[in-house]
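The values are calculated or read from the model by the stated rules, or taken from the named source; none is laboratory data. These numbers were taken from a predicted model, which means no experiment stands behind them. All Cβ positions, even for glycine, are placed from backbone atoms using ideal geometry, and neighbour counts span all protein chains on display.
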Amino acid sequence: MNTEVKPLVTGFFDEATNTVTYVVRDPGSKAAAIIDSVLDFDYSSGRTDTRSADAVIAHVKAEALDVEWILETHVHADHLSAAPYIQERIGGKIGIGEMITVVQNTFGKVFNEGTEFQRDGSQFDKLFGEGDTFRIGALEGRVMHTPGHTPACLTYVIGDAGFVGDTLFMPDYGTARCDFPGGSAEALFHSIERILALPDETRIFVCHDYKAPGREEFAWETTVAEERARNVHVGGGKPAAEFVAMREARDKTLGMPRLIIPSLQVNMRAGQMPPKDKDGKTFLKVPVNGL
């Protein structure tokens with residue numbers, strides 16, 4: 001990895017879902033990528049809104065950027081993706097990890113999607129595997145498969161920057177939960193080991209921040225060195241067995257994310273809503289006792 005190449009990174013924080021969307025730009029051109037976009041959704045009314053995505057689009061247009069990629073680190077359970085909305089307005093190919101097929105198979109059954117729901121990842125423009133590379137102008141991005149939170153989680157390493165999705169949070173907040181179907185605390189530990197083996201100076205950009213107790217401001221950028229030394233769940237060389245025991249016990253105390261039911265149905269479709277019915281209306285399903 002060439003850590004001398006420093007992409008320009010702009011974060012957009014959505015406080016309603018504690019999600020950070022990133023615009024990653026090649027410093028030598030107008031080429032850019034968008035990582036982990038947000039479609040606003042009011043669960044109580046069933047209404048969508050595009051204010052978060054529009055802020056990203058406005059930035060892209062103001063900087064006259066050429067969006068080559070709209071990337072997802074995984075199928076999010078806490079917010080809906082705005083990838084197709086953004087693609088329609090400013091272009092870019094939608095990419096996710098190739099293990100999306102595992103997630104689609106799992107939740108296709110949970111939501112009783114039937115045979116018309118394709119479980120081959122074909123809703124996305126590109127499925128990435130371990131070690132794959134892609135270009136953002138002159139920048140090279142490298143793909144690391146970092147499962148644990150979900151089977152399909154990826155880390156995108158672009159120059160000196162790593163976009164880790166939900167795998168790691170800020171050092172004072174810890175690591176991702178592993179109790180969703182297909183999750184594994186042991187797999188997460190080994191994925192984190194791989195991320196923390198990157199050069200110390202690698203910038204780490206997390207997908208969410210919830211402000212650890214005692215911290216007043218939201219934050220989403222740290223470094224490999226900081227995570228390795230100070231992460232409250234894995235820092236300081238904690239052994240795998242200790243982490244797994246902690247993570248599994250902690251996960252048993254957590255409630256489901258507020259938007260998990262709409263998020264999974266939409267995000268496993270690359271941000272598209274389920275097909276409309278014969279009257280042109282769109283519905284989301286609630287699986288009773290299904291999660």
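Key figures for this structure:
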read-out: Residues (surrounded by fewer than 18 Cβ atoms within 10 Å (Cβ to Cβ) and outside any loop (DSSP other than H, G, I, E, B)) located in segment 36-73; value: D42, R47, T48, D49, R51, D54, A55, A58, H59, K61, A62, D66
read-out: Considering residues of segment 17-35 that are buried (at least 16 other Cβ atoms within 10 Å of the Cβ) and outside any strand (DSSP E or B) only, the residue farthest from the chain's Cα centre (by Cα); value: D26
read-out: Subset of segment 154-173 that is hydrophobic (A, V, I, L, M, F, W, C) and out of contact with any helix residue (DSSP H, G or I) (no Cβ under 7 Å at 6 or more places or on another chain) - its residue that is farthest from T222 (Cα to Cα); value: L154
read-out: When residues of segment 229-261 are limited to those that are part of a loop (DSSP other than H, G, I, E, B) and touching a Pro at 6+ places or on another chain (Cβ under 8 Å), the one nearest to T167 (Cα to Cα); value: N231
read-out: Subset of segment 180-203 (residues that are at pLDDT 95 or above and in contact with a helix residue (DSSP H, G or I) (Cβ under 6 Å, 6 or more places away or on another chain)); value: A185, E186, F189, L196, L198, D200, T202
read-out: Per-region count, segment 214-224, residues touching a Pro at 6+ places or on another chain (Cβ under 9 Å) and either of a type in the set (A, V, I, L, M, F, W, C) or in a loop (DSSP other than H, G, I, E, B) (or both); value: 1
read-out: G11 small (G, A, S), closer than 25 Å to T133 by Cα and in a strand (DSSP E or B); value: yes
read-out: Residues (surrounded by fewer than 23 Cβ atoms within 10 Å (Cβ to Cβ), under 22 Å from I260 (Cβ atoms) and either among the hydroxyl-bearing types (S, T, Y) or free of Cβ contacts under 8 Å to residues at least 24 places away in the same chain (or both)) located in segment 81-97; value: Y85
read-out: Residues (surrounded by fewer than 17 Cβ atoms within 10 Å (Cβ to Cβ), touching a residue at least 24 places away in the same chain (Cβ under 8 Å), in a loop (DSSP other than H, G, I, E, B) and not acidic (D, E)) located in segment 98-129; value: N112, G129
